[in-house]
1. Just subtract the alpha-carbon distance of Asp322 and Phe64 from 0.36 nm times their residue separation and send over the number in nm, one decimal.
2. For Asn82 and Lys53, compute 0.36 nm times the residue count separating them, minus their Cα-Cα distance, and round to one decimal in nm.
3. With every protein chain present, what is the per residue accessible area of the stretch 100-208 (1.4 Å probe, Å²)?
4. Which percent of the accessible area of the chain is formed by carbon and sulfur heavy atoms (probe 1.4 angstrom)?
5. Calculate the spin-label point distance for Leu4 paired with Tyr315, positioning each point 7 Å from the Cα along the beta-carbon direction, and give it in nanometres.
6. Gaussian network model of the chain, Cα springs within a sub-10 Å range: biggest mean-square fluctuation belongs to which of Lys66, Lys373, Lys99?
7. Based on the alpha-carbon gyration tensor of the stretch 183-240 and its eigenvalue square roots a ≥ b ≥ c, which shape applies: rounded if a/c is under 1.5, prolate if not and a/b is larger than b/c, or oblate?
8. Determine the shape class of the stretch 99-236: with a ≥ b ≥ c the square roots of the Cα gyration tensor eigenvalues, call it rounded for a/c under 1.5, and otherwise prolate if a/b is greater than b/c, oblate otherwise.
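The values are calculated or read from the model by the stated rules, or taken from the named source; none is laboratory data. Computed from a predicted model, the values in this text were never measured in an experiment. Positions of Cβ are generated from backbone atoms using ideal geometry, with glycine treated the same way; all protein chains shown enter the neighbour counts. The area values use the complete protein model at the heavy-atom level, side chains included, leaving out ligands, DNA and RNA. Shrake-Rupley method; radii C 1.70, N 1.55, O 1.52, S 1.80 Å.
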Amino acid sequence: MRYLTAGESHGPQLTVIIEGLPSQLSLDKEKIDRELARRQKGYGRGRRMQIEKDQVKILSGVRFGKTTGAPVTLVIENRDFNHWKKVMSVDPIPEEAEKRKISRPRPGHADLNGAIKYQHRDMRDVLERSSARETAARVAAGAVARLILEECGIRIAGHVIRIGDVVAEPVELSFEEMVERAELSPVRCLDQNAEEKMMALIDQAKKEGDSLGGVVETIVQGVPVGLGSHVHWDRKLDANIARAVVSINAFKGVEFGIGFEAAKRKGSEVHDEILWSKERGFYRRTNRLGGFEGGMTTGEPIIVRGVMKPIPTLYKPLQSVDIETKEPFQASIERSDSCAVPAASVVMENVVAWEVAQALLGKFSGDTMDEVKRQLKQYQESVLSF
């Protein structure tokens, strides 16, 4: 299973082509739209979220609500495109191109590196594709992956555990309560005291023309033992999840379970003891390793955290240098969020969902969802009797 995205931030649309989906998967457009809407929420978002109301169009690979086994094409239209038709024209408009040319790279963005690599004198050719707008396409792909996981009894949730210097305290909640609490919170935080402090900090950053980053956590429950592999480095599921998380715009780090905390502890305080019962089979007393050993799932929930840096587009811009004149300037400003950490939590959920679904179909392959679920059930029975 794989997917490809295409499209620019201010172009007419984003396109996703997904190949390798089993047939007979119920593809619910409303559930995809719900994930896209969740991505657009969150305290600290900018004006574009008031302009765009993302919804998906399914153009191929689905008939009467179910996948056919053919590639699925999803389209998310950019409703603001009418204001950008000339700027983003496919056909040559020399005077428009020169008038709207961007020659001042923004620190922290792909502008300068991309311009040098692809020899663009107008850096809009870089920033339009490198924009976090592309994450809408990745959320759509992840939403499809979630439908596969749902049919296999696997659920995903996410929440914010840090914004700036405000850290949420752990809260004891059931999986369902965690999902509900995160959805009700403007910053997707489970700790209501921290939530208020996070919102106040975002207000302060916005007033100062600055931005904030943070840490988000994704939990995957119901994952069977043995997804991934210890045999080849590129089949280790935790490694693939780590790569996918860090590929999200502005993400700079990832950890599983207790993560970097493990460096401070002794081995006896890190590894998860193995237990057995007739009802559960083998299981772990704790889950400090975040559901992974040897690149494979242990059957415990996957717990993964990602670190998002502050958005680099600032309303009190940093210094840059014009690539044409080589003179110093204040970096240019595109529309920006003062904090996109809550939205990034949703993006990460769906990125992780894709990797887990891909590993699931890699182990329980089949041309139809019935074949996949039948293989999974047989495997789970064999695991319990191992």
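1. Numbers: separation 258, 0.36 × 258 = 92.88 nm, distance 5.36 nm.
Gain in length upon complete extension: 87.5 nm.
2. On the way: separation 29, 0.36 × 29 = 10.44 nm, distance 1.49 nm.
My answer for the length gained is 9.0 nm.
3. On the way: 5320 Å² over 109 residues.
Per-residue accessible area for the stretch 100-208 comes out at 49 Å².
4. On the way: 10170 of 19640 Å².
Result for the chain: 52 percent of the exposed heavy-atom area is carbon or sulfur.
5. Using points 7 Å along Cα→Cβ, the separation is 4.0 nm.
6. Fluctuation is largest for Lys99.
7. Details: a/c = 5.80, a/b = 2.28, b/c = 2.54.
Note, shape of the stretch 183-240 comes out oblate.
8. Numbers: a/c = 2.48, a/b = 1.29, b/c = 1.93.
Judged from the Cα gyration tensor, the stretch 99-236 comes out oblate (a/c at least 1.5, b/c at or above a/b).
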